[in-house]
Amino acid sequence: MAAHGKNIQLYLIDGDASGRIKCSLVNWTGVAYKIPRIELDKCKDRADLKQSGVYFLFGKSDETEKKVVYIGQAGARKNGEGILNRLMEHKRNP
């Protein structure tokens, strides 16, 4: 069976490729975001980040300086907050 191409849409939220980016794939209900840690405060008004989701935190190990990734998940909470609230908790506790 031949592979079919897919269309990925990248939306530069701030108009800058080094800032926040929303990524969607045609015919897929999921959405991916790239949000630099220093830009999290700008996302407080985004209702789509108050839902459940999976997130990746990229950084370097304090001991070895090697690149590391932490994979987490957040559910929608009773207070109406979801993934953004969980990311803010990580920001407060590096």
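Values for this structure:
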quantity	calculated
Residue tally, condition open to solvent by 60 Å² or more (accessible area, probe 1.4 Å) and not hydroxyl-bearing (S, T, Y), over segment 23-41	8
Given (1) part of a loop (DSSP other than H, G, I, E, B); (2) open to solvent by 80 Å² or more (accessible area, probe 1.4 Å); (3) on the phi < 0 side of the Ramachandran plot, number of the condition E81 does not satisfy	(2)
Members of segment 53-72 found to be open to solvent by 80 Å² or more (accessible area, probe 1.4 Å) and under 24 Å from L12 (Cα atoms), listed by number	V54, F56, F58, I71
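The values are calculated or read from the model by the stated rules, or taken from the named source; none is laboratory data. All of these numbers come straight from a predicted model, not from anything done at the bench. Just so you know, the surface numbers come from the protein's heavy atoms only, side chains and all, with ligands and any DNA or RNA stripped out. Shrake-Rupley method; radii C 1.70, N 1.55, O 1.52, S 1.80 Å.
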